[in-house]
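Working notes for the structure below.
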Amino acid sequence: MLRGRARRAREAHAGTGDDPLDAADPLSGADPLSEADPLDAAQERRVRAVLALGGVPQADLPDGVQQVRLRLLERAASGREAPRDVSAWAAVVASNLAMDWHRAKRRQERLGERLAALRQPAHPSGEDSSVLSVAVAQGLDELPDAQRQVVVLRFYADLPVRSIAEQLGVPEGTVKSRLHTAVRALRARLHEDEVV
């Protein structure tokens, strides 16, 4: 799903001269993306982390990052003012993309098959931290979308409650309630699995 949108966006710009890669001069040494890229390196890392923690597969992360860039460029092209906090805005867009990915995935296959694949670690390890990481990831997968979204934005994207509320368009109390319920569910899950 994410790949198709990114591909269509690239095709739309192909040959128009709008693509910063078309203007690349290999002899100049200048990076054309550094001037045209609406996301800096730190923002891109945050977007990747939010997408990954939201359940988007590693192979789809570059397309997700491109989608966030595209939405920021579309916003600017439509004449709307830039977000006050681009980093927070990008994290929320990434979180919404992750939610969209989950919805599309659920339509394509049963949730149980996806969870079974996620529960099989690629390299089993006896380290406590990897066991805890897997348990937390599984716990996040089992949370409702709205709760998972606020947990990822608060604890992984490190956004304050006020910023999350503004970006999602919900009251701060709603964000706090979702966080409280989600954290309580995660704690119960970790104790139940005897991870902590």
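The values are calculated or read from the model by the stated rules, or taken from the named source; none is laboratory data. All figures in this text were calculated on a predicted structure; none of them were measured in a lab. Cβ placement follows ideal geometry from the backbone for every residue including glycine, while neighbour counts extend to all protein chains displayed. Heads up: the accessible areas ignore ligands, DNA and RNA and are worked out on the full protein's heavy atoms, side chains in. Shrake-Rupley method; radii C 1.70, N 1.55, O 1.52, S 1.80 Å.
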**Item:** Count - residues of segment 173-196 that are surrounded by fewer than 13 Cβ atoms within 10 Å (Cβ to Cβ) and in a helix (DSSP H, G or I)
**Value:** 7
**Request:** Go through segment 83-98 residue by residue and tally those that are open to solvent by less than 10 Å² (accessible area, probe 1.4 Å) and free of Cβ contacts under 8 Å to residues at least 12 places away in the same chain.
**Result:** 0
**Fill in**
Flagged pairs (Cβ under 7 angstrom, 6 or more apart or on separate chains; first in segment 175-187, among the aliphatic types (A, V, I, L, M); second open to solvent by 50 Å² or more (accessible area, probe 1.4 Å) and in a helix (DSSP H, G or I)) are Leu179/Arg154
**Request:** Considering each residue of segment 72-96, count those that are farther than 24 Å from Tyr156 by Cα and either under 18 Å from the mean Cα position of the chain (by Cα) or assigned to a helix (DSSP H, G or I) (or both), and give that number.
**Result:** 5
**Fill in**
Taking segment 163-190 and keeping only residues that are under 19 Å from the mean Cα position of the chain (by Cα) and among the basic types (Lys, Arg), one is left with Arg178
**Request:** Tell me which of these Val170 doesn't satisfy, since it passes every other one: (1) open to solvent by less than 20 Å² (accessible area, probe 1.4 Å); (2) assigned to a loop (DSSP other than H, G, I, E, B).
**Result:** (1)
